Amino acid sequence: GLAAAAPPGKGNVRMSILSPFVGSWSSEGLKRLCATYAGAPDRVELVWVDRNHPWARNNCWLLPESTRSALVDSGATLLHLPIREDGSDEISSFHREHRVRDDRWSHAKVYNLQRGNSRRVLVTSANFSPAAWGSENTAGELVIENFELGVCVERAAWPFAELEPFADPKD
């Protein structure tokens, strides 16, 4: 699925992800996933919330510690989705009409795949997890546990291009 969504051409693909649920990934699993779409773990960016963000309430955004470590150790970047610091009631980098008191978010997951100047954005139900994207069984066959649906859009804008990495990924 990700190979079909990746822009055509030569060179590595950069993938940026917005998914409120991240499954259990190992460094080796990340490498295998990235190889399917001509990417690399050090070209993966995950947009994430800090522990004080309203969306972090009730453990609604889940990133296992082992996966966070695998991402960071593999060279992936965790991008900080901040809330406004000026006291206003908006989440600064999502959209202007989403109020801080409203801790709901879109259920959609968004994957930005970029190769050179070509970009495709995949809006899907697929979490960033092996259940959604697959893992190898002992026979080396790809096993996908979930049925997911998505729409891929060419040349779409990525609204999170200006986010900064976390100063400390443990936050």
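The values are calculated or read from the model by the stated rules, or taken from the named source; none is laboratory data. Note that the coordinates shown come from a computational prediction; the quantities given were computed from them, not determined experimentally. When we count neighbours, we look across all protein chains shown, and the Cβ atoms used for this are built from the backbone with ideal geometry, even at glycine. To get the accessible areas, we keep the full protein, side chains included, count just its heavy atoms, and leave off ligands, DNA and RNA. Shrake-Rupley method; radii C 1.70, N 1.55, O 1.52, S 1.80 Å.
A few comments on the model shown:
- Given (1) among the small types (Gly, Ala, Ser); (2) within 17 Å of Lys170 (Cβ to Cβ); (3) open to solvent by less than 60 Å² (accessible area, probe 1.4 Å), index of the condition Ser66 fails: (3)
- Close Cβ contacts (under 9 Å, 6 or more residues apart or on different chains) running from residues in segment 141-167 that are open to solvent by 90 Å² or more (accessible area, probe 1.4 Å) to residues that are assigned to a loop (DSSP other than H, G, I, E, B) and at pLDDT 90 or above comprise Glu145/Ser129; Phe147/Ser125; Leu149/Ser125; Leu149/Ala126; Glu154/Pro7.
- Qualifying residue in segment 128-137 (condition: part of a loop (DSSP other than H, G, I, E, B) and open to solvent by 80 Å² or more (accessible area, probe 1.4 Å)): no
Residue by residue, here is whether (1) surrounded by 21 or more Cβ atoms within 10 Å (Cβ to Cβ); (2) small (Gly, Ala, Ser); (3) touching a residue at least 24 places away in the same chain (Cβ under 8 Å); (4) over 18 Å from Arg115 (Cα atoms) holds:
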residue	(1), (2), (3), (4)
Asn12	no, no, yes, no
Trp25	yes, no, yes, yes
Lys31	no, no, yes, no
Thr36	no, no, yes, no
Glu45	yes, no, yes, no
Trp48	yes, no, yes, yes
